[in-house]
Amino acid sequence: MKPFEKILQDNKDWAAQMLVTDPNYFKRLVEIQSPELLWIGCSDSRVPADKITGTDPGEIFVHRNVANLVVHADLNLLSVLQYAVEVLKVKHVIVCGHHNCGGIRAALKNESLGLIDKWLWNIKNVYLQNKDKIDAVDGEDAKVALLTELNVKEQVLNLAKTSIIQRAWKNRSAPDLHGWVYDLRDGIINPIFEMPAGSKVDPIFKYDNL
């Protein structure tokens, strides 16, 4: 059996088992979607949001990209963010990085990898902002770990700079923003940065007319 064929068969087996456990399971999913969380995570196959958080379908609205970036020119990310915040009215937005992230590691190297080079520029800029701190750390793994945390913090700050978040903070005092890092070595998620709704944003990024 080919890998994709196994996935299709496993899907059928899972669906059948869910109906045995709860005959109304899929009916409820069809009728409503009301997650309280938006998860912005890495595309890495080792970091599936539902698996590592123990959540069920319908509990987390998810967006994933390489190295969990919040890029202001990324219409995909911004569309997900707007829908989650303004339509689903999520109460929390989580940016979750992870240990030994390939995107972070690649950004610290001087090798061209093709189209993704342009995406990695965003991580390289985080490195430049924290160059002295990162360079002072010994060993590549330690540098990657530190940049992973600093990158997560920067992406949370980028969320707070958006008009989407600032408008929601003004209108309904939500969502809170969270920066987490998932450790592949022990399976534990570690919170590293928080911005409660209404947190201060640098004046140059503040939209006073919202």
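The values are calculated or read from the model by the stated rules, or taken from the named source; none is laboratory data. Quantities reported herein were computed from a predicted structural model and do not represent experimental measurements. Every residue, glycine among them, receives a Cβ derived from its backbone with ideal geometry; neighbour counts consider all protein chains shown.
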Answer from Val90, Val70 - the residue that is surrounded by 23 or more Cβ atoms within 10 Å (Cβ to Cβ), touching a Pro at 6+ places or on another chain (Cβ under 6 Å), modelled with pLDDT of 95 or more and in a loop (DSSP other than H, G, I, E, B): Val90
For region 128-150, does any single residue satisfy the condition of being in a helix (DSSP H, G or I), more than 27 Å from Ala49 (Cα to Cα) and in contact with a Leu (Cβ under 6 Å, 6 or more places away or on another chain)? yes
When every residue in region 152-209 that is among the polar types (S, T, N, Q) and crowded, with 17+ Cβ neighbours inside 10 Å is compared, the one farthest from the chain's Cα centre (by Cα) is Gln166
Of the listed residues (Arg64, Arg28), the one being touching a Cys at 6+ places or on another chain (Cβ under 8 Å) and either charged (D, E, K, R) or in the same structural domain as Ser79 (by TED's automatic domain parsing) (or both) is Arg64
Is it the case that some residue within region 103-110 is surrounded by 20 or more Cβ atoms within 10 Å (Cβ to Cβ), under 12 Å from the mean Cα position of the chain (by Cα) and modelled with pLDDT of 95 or more? no
In region 52-61, which residue that is over 19 Å from Asn151 (Cβ atoms) and not charged (D, E, K, R) is surrounded by the most Cβ atoms within 10 Å (Cβ to Cβ)? Phe61
Considering only residues that are farther than 20 Å from Val62 by Cβ and in contact (Cβ under 8 Å) with a residue 60 or more places away in the chain, which ones fall in region 92-133? Asn100
